[in-house]
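Novice: Handing you a structure now.
The values are calculated or read from the model by the stated rules, or taken from the named source; none is laboratory data. These figures come from a predicted structure and were not determined experimentally. Note that we place each Cβ from the backbone using ideal geometry, even for glycine, and neighbour counts take in every protein chain shown.
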């Protein structure tokens, strides 16, 4: 039985504004302990599709600023200090889900903190130059100060965490490199049962936030070179620029609901992943729908895609290598074999492993209501 409750356990996530990969992972964690309170910097019930509407949720004072997914980046200098305002003094155990801030949560003396890390904050570490290039020149010195302060925050915060869980081998490497800490790899959960195969078309699909590190323009250029139609699922800062450049040649679908997303996966010839993903939940979702993945040979793709059997991995990170792969006969893959491979990343497997680690780290059994 997965549902369990630990007295004094608090669950934490950076911010709950939308329902994407990190939020779905956190939701699977939260379902293990359905009575545990949740703390987060910002919360949007509508943006998260009511997924946490029945939970006791405490937010930081920044909630009063009315920040949303569209403008939350404006609050970047405030998040690291604000995470220490989150109320956890009553907790003797904390399970956090962090891509940037939640690992810095303040714990009571003697409490145990287990952190599931999606990645150390990418813009403060491996993608600092990208972050600086995305703001106007007069603001770059200020942003650079904020990012340097975040790295100092990271060092102090990581030292207070009792145990790290990494979502992939790439994240494990970064945790060791930036924070000097070891971690246990537990792949994120995928609701594989939501997906079913269908008759695929000739078009290919990109699914993700339209930001620079996802490299959506490389996926588009590869599809155009290969002569394949393309559909884009997602929104983000680059949407306007991409629409202006490619409108009429690419279909931009915006954010879509779960049912529509499952249909888009099943009807595509393949999912294209042009960026280096820490794990890449979309890659597993596409495989759960029986469709192959064409991805850069790096990061999470190496842990989720079996070359030649569930997709193609491309060593050349430019659009030309992806284009060559997209010219292949993508109907030659066995959809049932691809779907069977995706079952390794099920929600049940994830939840069982997370529960084991929390219990092991806290040194006492997790109580399960009779």
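Novice: Any residue in region 199-220 that is touching a strand residue (DSSP E or B) at 6+ places or on another chain (Cβ under 8 Å), without any contact (Cβ under 8 Å) to a residue 60 or more places away in the chain and part of a loop (DSSP other than H, G, I, E, B)?
Specialist: Yes, that holds for at least one residue.
Novice: Somewhere in region 96-119, is a residue over 25 Å from residue 353 (Cα atoms) and outside any loop (DSSP other than H, G, I, E, B)?
Specialist: There is no residue in region 96-119 that is over 25 Å from residue 353 (Cα atoms) and outside any loop (DSSP other than H, G, I, E, B).
Novice: Restricting to region 298-307, and then to whatever is part of a loop (DSSP other than H, G, I, E, B) and modelled with pLDDT of 95 or more, can you tell me which residue is farthest from residue 118 (Cα to Cα)?
Specialist: Filtering region 298-307 for residues that are part of a loop (DSSP other than H, G, I, E, B) and modelled with pLDDT of 95 or more, the one farthest from residue 118 (Cα to Cα) comes out as 306.
Novice: Among 290, 236, 275, which is part of a loop (DSSP other than H, G, I, E, B), in contact (Cβ under 8 Å) with a residue 40 or more places away in the chain, in the same structural domain as residue 338 (by TED's automatic domain parsing) and on the phi > 0 side of the Ramachandran plot?
Specialist: Of 290, 236, 275, the one residue that is part of a loop (DSSP other than H, G, I, E, B), in contact (Cβ under 8 Å) with a residue 40 or more places away in the chain, in the same structural domain as residue 338 (by TED's automatic domain parsing) and on the phi > 0 side of the Ramachandran plot is 290.
Novice: Something else now. Please determine whether any residue of region 250-258 is modelled with pLDDT of 95 or more and in a loop (DSSP other than H, G, I, E, B).
Specialist: no
Novice: If you go through region 18-36, how many residues are surrounded by fewer than 18 Cβ atoms within 10 Å (Cβ to Cβ) and in contact with a strand residue (DSSP E or B) (Cβ under 7 Å, 6 or more places away or on another chain)?
Specialist: 1
Novice: In the set 303, 285, which member is at negative phi and in contact with a strand residue (DSSP E or B) (Cβ under 8 Å, 6 or more places away or on another chain)?
Specialist: Among 303, 285, only 285 is at negative phi and in contact with a strand residue (DSSP E or B) (Cβ under 8 Å, 6 or more places away or on another chain).
Novice: Looking at region 308-342, which of its residues are part of a loop (DSSP other than H, G, I, E, B), out of contact with any helix residue (DSSP H, G or I) (no Cβ under 6 Å at 6 or more places or on another chain) and surrounded by fewer than 20 Cβ atoms within 10 Å (Cβ to Cβ)?
Specialist: 308, 309, 315, 316, 317, 318, 328, 329, 334
Novice: To continue, here is another question. What number of residues in region 43-90 are in contact with a strand residue (DSSP E or B) (Cβ under 7 Å, 6 or more places away or on another chain) and part of a helix (DSSP H, G or I)?
Specialist: 1
Novice: Moving to a separate point now. Checking the conditions here, which among 293, 273, 256, 284 is within 14 Å of residue 234 (Cα to Cα) and surrounded by 24 or more Cβ atoms within 10 Å (Cβ to Cβ)?
Specialist: 273
Novice: Also, I was wondering about something else. Residue 69 - would you say it is free of Cβ contacts under 8 Å to residues at least 24 places away in the same chain and either surrounded by 14 or more Cβ atoms within 10 Å (Cβ to Cβ) or under 17 Å from the mean Cα position of the chain (by Cα) (or both)?
Specialist: no
Novice: Does region 158-189 hold any residues that are crowded, with 21+ Cβ neighbours inside 10 Å and either not assigned by TED's automatic domain parsing to the domain that holds residue 84 or not in a helix (DSSP H, G or I) (or both), and which are they?
Specialist: 161, 164, 165, 166, 167, 168, 183, 187, 188, 189
Novice: Then there's this: Residue check, residue 138 against (1) part of a helix (DSSP H, G or I); (2) in contact with a helix residue (DSSP H, G or I) (Cβ under 8 Å, 6 or more places away or on another chain), all met but one. Which one?
Specialist: (2)
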